[in-house]
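Below is one structure, written out as structure tokens; the observations come after it.
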Ligand code: F6P
């Protein structure tokens with residue numbers, strides 16, 4: 001069967017677990033991208049999701065021919081996959097787009113990097129080949145994220161008849177950070193992206209950063225040619241690289257600000273399991289106010305400075321001691337990488353230090369949870385008086401949109417200027433410079449003291465903005481733009 005709508009993403013809608021007796025069971029995949037896309041794709045009758053086998057159990061499922069309808073999992077060589085996912089996607093592209101490098105020592109582009117980059121090319125080509133095999137004539141192919149930046153260019157070579165889009169869920173790097181990449185690698189990256197008919201981002205800031213990168217490379221002659229053909233509004237035009245006999249192609253650069261499905265989220269947040277977790281949390285918190293954050297333990301989320309701000313609040317505003325609890329959920333992520341393990345450790349240590357410094361017999365200032373427990377997170381959302389979302393740089397940040405939709409009593413949102421959601425939510429949030437711990441502590445103080453009526457009004461407007469473009473509408477909008485009139 002050839003498919004008319006195809007999605008390509010590193011993570012699939014499910015992953016497998018392998019029991020000791022060799023039985024394979026399918027489980028729903030994790031992460032925001034997966035849940036948003038799963039909901040959107042469920043409405044497409046003739047769609048295929050191409051993803052990578054992430055674990056030994058996934059690889060075993062592919063080898064045994066176990067699969068679910070509408071999903072094709074690619075069994076990519078383990079070392080190639082590790083180099084591409086950990087070595088390039090998570091250690092180079094993620095750090096570049098989020099500006100995470102500690103510049104005196106990183107990045108280092110050496111022989112090991114080159115080996116990883118070669119694997120990244122192989123991994124992207126495996127996706128392009130699978131998509132080329134599965135797509136019907138003129139099909140729409142929607143490629144997701146920095147893992148697959150070369151897929152549009154590679155697929156265009158194989159199947160010029162397809163309509164191809166690429167959506168980046170992270171920020172796009174500023175020119176200074178993009179410039180750190182070796183010239184040929186940066187050029188290959190832009191070549192891959194500009195193989196798409198449409199390149200999408202969550203905000204116009206990331207779209208502009210992308211276009212600036214594309215044009216400067218062109219001026220210097222270090223990239224395949226791409227010429228700006230006009231800007232304005234939320235839709236822009238770039239020219240993709242020339243292909244044999246095809247001249248310069250047009251690439252639209254577009255903005256689709258992903259939001260949340262309010263009805264679905266509220267229904268999830270009122271399940272029995274969540275009610276039970278809520279009751280347990282209430283018993284721990286008592287009648288104190290709450291500051292809630294929920295993140296993967298991720299360097300870009302700025303969890304350490306968030307805790308420092310909370311400590312400064314307790315130091316400079318002693319009136320809050322004993323009257324507030326910080327519910328911080330920081331569940332594990334990318335623990336194959338030493339830098340993530342070290343970051344996780346520093347989060348744990350700082351939370352423990354704050355509890356030692358300020359805690360008393362009947363008050364624990366920080367309740368840190370390191371479990372990936374969605375029901376507990378939803379319970380914390382419902383209990384939130386203040387939501388703390390302070391990433392240094394973030395593509396969108398759906399937590400900033402989810403908490404106002406779910407909180408029972410309305411919440412004051414402390415929001416970083418570095419979050420993609422800042423553009424849509426800033427008017428009703430208390431906005432902070434993510435590096436300024438004192439500014440964040442002051443915002444927490446104001447948020448905790450915000451009068452209930454004002455908080456309720458702001459929460460209503462935040463929830464309306466957060467639900468403006470739910471995942472299915474976000475996906476449909478891209479699909480119809482890609483298919484054209
Ligand atoms: O923010 C980009 C993103 O790809 C999300 O879509 C996803 O939830 C997150 O990173 C998780 O990444 P990983 O698949 O490495 O756990």
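Figures for the structure shown
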read-out: Residue 7, sole failed condition from (1) part of a loop (DSSP other than H, G, I, E, B); (2) within 14 Å of the ligand (Cβ to nearest atom); (3) crowded, with 20+ Cβ neighbours inside 10 Å; value: (1)
read-out: Residue check, residue 424 over 19 Å from residue 298 (Cβ atoms), in contact with a helix residue (DSSP H, G or I) (Cβ under 8 Å, 6 or more places away or on another chain), in a helix (DSSP H, G or I) and outside the structural domain of residue 274 (by TED's automatic domain parsing); value: no
read-out: Some residue of the range 68-88 being under 20 Å from the mean Cα position of the chain (by Cα) and under 20 Å from residue 176 (Cα atoms); value: yes
read-out: Cross-chain or 6+ apart pairs with Cβ under 7 Å, the range 278-307 first and farther than 18 Å from residue 386 by Cβ, then away from the ligand (no atom under 16 Å from the Cβ); value: 297/347; 304/346; 304/347; 304/350
read-out: Test: residue 30 is within 15 Å of the ligand (Cβ to nearest atom) and surrounded by fewer than 20 Cβ atoms within 10 Å (Cβ to Cβ); value: yes
read-out: Whichever residue in the range 10-22 is farther than 13 Å from residue 73 by Cα and touching a strand residue (DSSP E or B) at 6+ places or on another chain (Cβ under 9 Å) and, among such residues, is nearest to the ligand (Cβ to nearest atom); value: 17
read-out: Count of residues meeting criterion [touching a helix residue (DSSP H, G or I) at 6+ places or on another chain (Cβ under 8 Å) and not in a loop (DSSP other than H, G, I, E, B)] in the range 332-346; value: 4
read-out: Criterion violated by residue 89 - all others in (1) within 16 Å of the ligand (Cβ to nearest atom); (2) assigned to a helix (DSSP H, G or I); (3) surrounded by fewer than 20 Cβ atoms within 10 Å (Cβ to Cβ) satisfied; value: (3)
read-out: Residue list for the range 374-388, filter: within 16 Å of the ligand (Cβ to nearest atom) and over 21 Å from residue 447 (Cβ atoms); value: 374
read-out: Among the residues listed as 101, 123, the single one being within 16 Å of the ligand (Cβ to nearest atom) and at pLDDT 95 or above; value: 123
read-out: When residues of the range 389-424 are limited to those that are crowded, with 24+ Cβ neighbours inside 10 Å and either more than 17 Å from the chain's Cα centre (by Cα) or without any contact (Cβ under 8 Å) to a residue 24 or more places away in the chain (or both), the one farthest from the ligand (Cβ to nearest atom); value: 412
read-out: Subset of the range 276-298 (residues that are surrounded by 14 or more Cβ atoms within 10 Å (Cβ to Cβ) and either over 24 Å from the mean Cα position of the chain (by Cα) or more than 24 Å from residue 356 (Cα to Cα) (or both)); value: 277, 278, 281, 282, 285, 288, 289, 290, 296, 298
read-out: Cβ pairs under 8 Å, 6+ apart, first in the range 111-137 and without any contact (Cβ under 8 Å) to a residue 12 or more places away in the chain, second in a strand (DSSP E or B) and crowded, with 21+ Cβ neighbours inside 10 Å; value: none
read-out: Only listed residue being touching a strand residue (DSSP E or B) at 6+ places or on another chain (Cβ under 9 Å) and away from the ligand (no atom under 16 Å from the Cβ), chosen from 171, 182, 152; value: 152
read-out: Residue count for the range 330-348, restricted to those that are surrounded by fewer than 16 Cβ atoms within 10 Å (Cβ to Cβ) and either under 22 Å from residue 281 (Cα atoms) or in the same structural domain as residue 88 (by TED's automatic domain parsing) (or both); value: 2
read-out: Unmet requirement for residue 42, which otherwise passes all of (1) within 24 Å of the chain's Cα centre (by Cα); (2) touching a residue at least 12 places away in the same chain (Cβ under 8 Å); (3) within 23 Å of residue 135 (Cβ to Cβ); (4) away from the ligand (no atom under 12 Å from the Cβ); value: (2)
read-out: Residue 63 vs. criteria exposed (fewer than 13 other Cβ atoms within 10 Å of the Cβ), more than 30 Å from residue 207 (Cβ to Cβ) and within 18 Å of the chain's Cα centre (by Cα); value: no
read-out: Residue, nearest to residue 371 (Cα to Cα), within the range 22-54, restricted to residues that are modelled with pLDDT of 95 or more and not in a strand (DSSP E or B); value: 54
read-out: Test: residue in the range 385-395 that is part of a strand (DSSP E or B) and more than 27 Å from residue 452 (Cα to Cα); value: yes
read-out: Only listed residue being touching a helix residue (DSSP H, G or I) at 6+ places or on another chain (Cβ under 9 Å) and within 29 Å of residue 285 (Cβ to Cβ), chosen from 463, 473, 456, 468; value: 463
read-out: Breaking point among (1) part of a loop (DSSP other than H, G, I, E, B); (2) within 16 Å of the ligand (Cβ to nearest atom), for residue 65; value: (2)
read-out: Residues (more than 23 Å from residue 133 (Cβ to Cβ) and surrounded by fewer than 21 Cβ atoms within 10 Å (Cβ to Cβ)) located in the range 66-86; value: 79, 82, 86
read-out: Leading residue by the ranking (surrounded by the most Cβ atoms within 10 Å (Cβ to Cβ)) among those in the range 460-485 that are touching a strand residue (DSSP E or B) at 6+ places or on another chain (Cβ under 8 Å) and over 20 Å from residue 34 (Cβ atoms); value: 462
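The values are calculated or read from the model by the stated rules, or taken from the named source; none is laboratory data. If you're wondering where the values come from, they're calculated on a predicted model, not measured in any experiment. Virtual Cβ from ideal backbone geometry, glycine too; neighbours counted across all protein chains shown.
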